[in-house]
Amino acid sequence: MTNIDNNRPPKLYYFAERDKLERALSHGEFRLAPPQFPVLSATDPHFLALSLVQKPDGALFEGKSAHGACLVIHDTEAFGERVHRAAQRTLPNWAGIDAAMSYGKPSPLGKLFSKERVHAAESEWRFAWRPMQARGAANPVVIQLGSIADIAELRALND
């Protein structure tokens with residue numbers, strides 16, 4: 001039995017440009033993309049991921065203070081279920097999981113959920129999907145959950 005922390009935190013924070021935050025709130029629009037952090041080798045499966053942070057001062061997004069706002073997700077369980085349902089509609093032959101990143105030690109979920117200890121301030125929560133059959137490079141996709149205004153809000157960073 002592995003020790004995987006997949007108990008979603010009480011809140012999640014999403015940082016992006018203001019227009020993307022507004023679309024995320026009103027349409028539940030999120031971009032799933034290959035992870036930018038180079039953790040995978042060319043022989044690993046191709047993944048798509050969505051990264052949020054577990055605390056508002058997480059350092060995941062460089063220059064996030066320039067955005068001036070963030071999306072605060074108050075019901076992370078409902079959000080997680082909606083994300084996975086929307087991803088399943090868009091990527092029917094993909095498997096998804098979400099969990100906290102492991103810093104400084106390998107995650108039982110593999111390289112995709114592991115980073116060096118130096119990145120621990122990021123406090124990342126990652127949603128990730130992989131194809132169930134081998135395929136070429138994964139291209140970014142946009143999913144839409146529908147409005148998430150019932151479980152989230154836009155908040156100025158100085159609040």
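Residues in the range 131-159 that are charged (D, E, K, R), under 20 Å from HIS74 (Cα atoms) and modelled with pLDDT under 95 were compared, and the one that is surrounded by the most Cβ atoms within 10 Å (Cβ to Cβ) is ARG155. Quick check: anything in the range 56-64 modelled with pLDDT of 95 or more, out of contact with any Cys (no Cβ under 7 Å at 6 or more places or on another chain), over 15 Å from LEU112 (Cα atoms) and not β-branched (Val, Ile, Thr)? No, the range 56-64 contains no residue that is modelled with pLDDT of 95 or more, out of contact with any Cys (no Cβ under 7 Å at 6 or more places or on another chain), over 15 Å from LEU112 (Cα atoms) and not β-branched (Val, Ile, Thr). Scan the range 101-109 and give yes if some residue there is out of contact with any Leu (no Cβ under 8 Å at 6 or more places or on another chain) and on the phi > 0 side of the Ramachandran plot, otherwise no. So far as the range 101-109 goes, yes, one or more of its residues are out of contact with any Leu (no Cβ under 8 Å at 6 or more places or on another chain) and on the phi > 0 side of the Ramachandran plot.
Looking at the range 6-35, which of the residues that are of a type in the set (D, E, K, R) and not in a helix (DSSP H, G or I) is modelled with the lowest pLDDT? I'd like the intermediate steps shown before the answer.
Just the residues of the range 6-35 that are of a type in the set (D, E, K, R), to begin with: 8, 11, 17-20, 22-23, 29, 31.
Filter once more, so that each one left must be not in a helix (DSSP H, G or I): 8, 11, 17, 29, 31.
On the way: ARG8: 94, LYS11: 96, GLU17: 89, GLU29: 97, ARG31: 96.
Across the range 6-35, the extreme among qualifying residues is GLU17.
Within the range 36-55, restricting attention to residues that are in contact with a Pro (Cβ under 9 Å, 6 or more places away or on another chain) and modelled with pLDDT of 70 or more, the residue that is nearest to GLU77 (Cα to Cα) is GLN54. Within the range 91-110, which residues are surrounded by 15 or more Cβ atoms within 10 Å (Cβ to Cβ) and of a type in the set (S, T, N, Q)? Scanning the range 91-110 gives SER102, SER107. Condition check for THR76 on (1) at pLDDT below 95; (2) crowded, with 19+ Cβ neighbours inside 10 Å; (3) touching a Pro at 6+ places or on another chain (Cβ under 9 Å): one failure, at (1).
For (1) part of a strand (DSSP E or B); (2) more than 16 Å from the chain's Cα centre (by Cα), each residue gets a yes or a no:
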{"residue": "VAL118", "(1), (2)": "no, yes"}
{"residue": "TRP125", "(1), (2)": "yes, no"}
{"residue": "ARG130", "(1), (2)": "yes, no"}
{"residue": "ARG135", "(1), (2)": "no, yes"}
{"residue": "ILE143", "(1), (2)": "yes, no"}
{"residue": "GLY146", "(1), (2)": "no, yes"}
{"residue": "ARG155", "(1), (2)": "yes, yes"}
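Just need a number here: residues in the range 79-116 that are at pLDDT 90 or above and either in a helix (DSSP H, G or I) or β-branched (Val, Ile, Thr) (or both). Number satisfying all stated conditions: 14. Exactly one residue among GLY104, GLY96 is closer than 18 Å to ALA33 by Cβ and small (Gly, Ala, Ser), and that residue is GLY96.
The values are calculated or read from the model by the stated rules, or taken from the named source; none is laboratory data. None of these values were measured; they are calculated from a predicted model. Cβ atoms come from the backbone with ideal geometry, glycine included; neighbour counts cover every protein chain shown.
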